[in-house]
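Trainee: So that we are looking at the same thing, I have put the structure below in structure tokens.
The values are calculated or read from the model by the stated rules, or taken from the named source; none is laboratory data. Keep in mind that this is a model prediction, so the values were computed, not measured. As a convention, Cβ positions derive from the backbone with ideal geometry for all residues, glycine included, and neighbour counts pool all protein chains shown. With ligands, DNA and RNA removed, areas are computed over all heavy atoms of the protein, side chains included. Shrake-Rupley method; radii C 1.70, N 1.55, O 1.52, S 1.80 Å.
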Amino acid sequence: MWAIISLTRTKVKEFLYSIRWKILIAYLLIISIAFSVVAATLIQLVGDYMFNQRVRDDQRVAENLSSIMSEALFSLDASAMLTSAADASSEGLSRVLVLDQYGVVQVDAYSQLNGRRFENAEVANVLTGEGGDYGFYDAEDTGASVEPGSLTSLTGVRAMTGLYAAPIYHEAELIGVLVYISQAQEIYENLSSLRSQMLLWMLLVAASALLISMFVVRTITRPIGELSAGISRMSRGDLSARVEVRGKNEFAQLASAFNSMSERLEKLDMSRNQFVSNASHELKTPLSTMKILLETLLYQENYDPQMQKEFLTDINKEIDRLNRIVSDLLTLVNIDSGGMHLNVADIRLRDIVTEQVKRLSPLARERGIELSCLVRDPCETVGDSLKLQQVFYNVIDNAIKYTPRGGEVRVELARAGKRAIVRVEDTGIGIPAADLPHIFDRFYRVDKARSRETGGTGLGLSIVRQIVLLHDGDIRAESEENKGTTFIIELPIVTR
């Protein structure tokens, strides 16, 4: 048993450490994944919003400028166009170009591309009549034929520029293109900053989650730790170890189950020790008596033959008593080990009860006790006839032994639903209330002196109870001191 408890203790410790780390890792994984998804979604949403807002603003600027440049371009008023372009441009942040219907730059706010052909996909789309268009480029490639990068694919390392091309109409006729170039790098820098902040917050949240998880895990696994400590105490032989039950969760149920197991083990250990002590005492008493009688016969030179016969008779009685104790002990061991098998057959309790009453009637007459039997139902059942005979014989015999001369013992068999009820009632000395809960304990005697006088071993009622339980029945006693005792035996019956 101690090896099993020690092994269980080791397993609980391993389980405790394992579950702590598993819960910690699970918490961190869940929080990290959730935070990463939230961060990525938030960056995407913020980036899309900033991007779309910037596109709308710059498109609006480009459309307004194309409307302003319409008259000046139609009249080829370069001065007016340059003034408007310069006003709308900001050094290093934005730039305005005015192109004619052939894509040649008429006005450059920076006066660098005047007279040159501006080849660009967005400009080409406008000149072919597809309407306004925009794209994003590296700052160095604003005027080159390169594919614009999308917001999600850009890293923000290189400076990015937005190019917006808006058609210039005069009386519904396309006469040129207005190109508005603006610095878009701030969008990517803001997103990069947001990404860095998110990473920092993620690390802070992960650290906080780790601390909180450790606290939560310790709170969750504390009952397991206490259980491990209880098992450790049990492995050292302390069967009084108990675990505090908190709440009504699964751990509380586990603690309650452990306490119940510990209590049963403690009772079992106490019962075993008591059983060994009682058995030793019961076996020692007849052996001591026989030793004294034999030594008297051995060391006495001149002895009376009548005394010799008396001594030998006493020795024979003690041997019989020793045999009964050993036989009862073997019966209990057989029951406890599951070695007792019932020879089950259909029987009538009426026949068994009446037969035991007849067998004990001479003993009752000899003691001056009235023994009566009342059968109200045959009560057919399934069981071991010999074992049940032992039950009823023992109970009726006890009632006779502990009833004074002139008393009465009544045996009644009746049916109550699907149960057979056998009542053995006497008018004897009764059982004190303090002793009543223990009468089925092994070697327990209410009156030890009188029990030995009547030849009792203190095991009879314990055997009776075990046999009744093997038949799925129940036995109990009701008693009032100096007024009598009633034993009630319930057994299942077969309904036809």
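Trainee: Report, by residue number, each residue of region 354-384 that is open to solvent by 40 Å² or more (accessible area, probe 1.4 Å), of a type outside the set (A, V, I, L, M) and closer than 15 Å to H471 by Cβ.
Mentor: Scanning region 354-384 gives a single hit, E380.
Trainee: Let me ask you something else. Inspect all residues belonging to region 250-266 and state whether any of them is open to solvent by 40 Å² or more (accessible area, probe 1.4 Å), in contact with a helix residue (DSSP H, G or I) (Cβ under 6 Å, 6 or more places away or on another chain) and either at pLDDT below 70 or of a type outside the set (A, V, I, L, M, F, W, C) (or both).
Mentor: Taking every residue of region 250-266 in turn, at least one turns out to be open to solvent by 40 Å² or more (accessible area, probe 1.4 Å), in contact with a helix residue (DSSP H, G or I) (Cβ under 6 Å, 6 or more places away or on another chain) and either at pLDDT below 70 or of a type outside the set (A, V, I, L, M, F, W, C) (or both).
Trainee: So which of L388, L491 is within 43 Å of the chain's Cα centre (by Cα) and at pLDDT 90 or above?
Mentor: Criteria check complete, one pass: L491.
Trainee: Still on this structure, I have one more. When residues of region 349-382 are filtered for being assigned to a helix (DSSP H, G or I), under 22 Å from V494 (Cα atoms) and of a type in the set (D, E), how many remain?
Mentor: Here the count works out to 2.
Trainee: While we're on this one: Exactly one of (1) in contact with a strand residue (DSSP E or B) (Cβ under 7 Å, 6 or more places away or on another chain); (2) more than 13 Å from I181 (Cα to Cα); (3) in contact (Cβ under 8 Å) with a residue 60 or more places away in the chain is unmet by A78. Its number?
Mentor: Just one mismatch for A78, condition (3).
Conditions tested, residue by residue: (1) of a type outside the set (A, V, I, L, M); (2) modelled with pLDDT under 85.
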position	(1), (2)
E130	yes, yes
S150	yes, yes
V157	no, yes
Y164	yes, no
E173	yes, no
E186	yes, yes
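Trainee: Restricting to region 408-442, count the residues that are within 14 Å of I475 (Cα to Cα) and assigned to a loop (DSSP other than H, G, I, E, B).
Mentor: 3
Trainee: Is it the case, given these coordinates, that R324 is at pLDDT below 75, open to solvent by 60 Å² or more (accessible area, probe 1.4 Å) and among the basic types (K, R)?
Mentor: Considered against the rule, which asks whether it is at pLDDT below 75, open to solvent by 60 Å² or more (accessible area, probe 1.4 Å) and among the basic types (K, R), R324 comes out as yes.
Trainee: Suppose we filter region 467-496 for residues that are open to solvent by 40 Å² or more (accessible area, probe 1.4 Å) and either at positive phi or not in a strand (DSSP E or B) (or both); how many remain?
Mentor: 9
Trainee: Out of region 89-139, which residues are small (G, A, S) and in a strand (DSSP E or B)?
Mentor: Selection gives S90, S94, G135.
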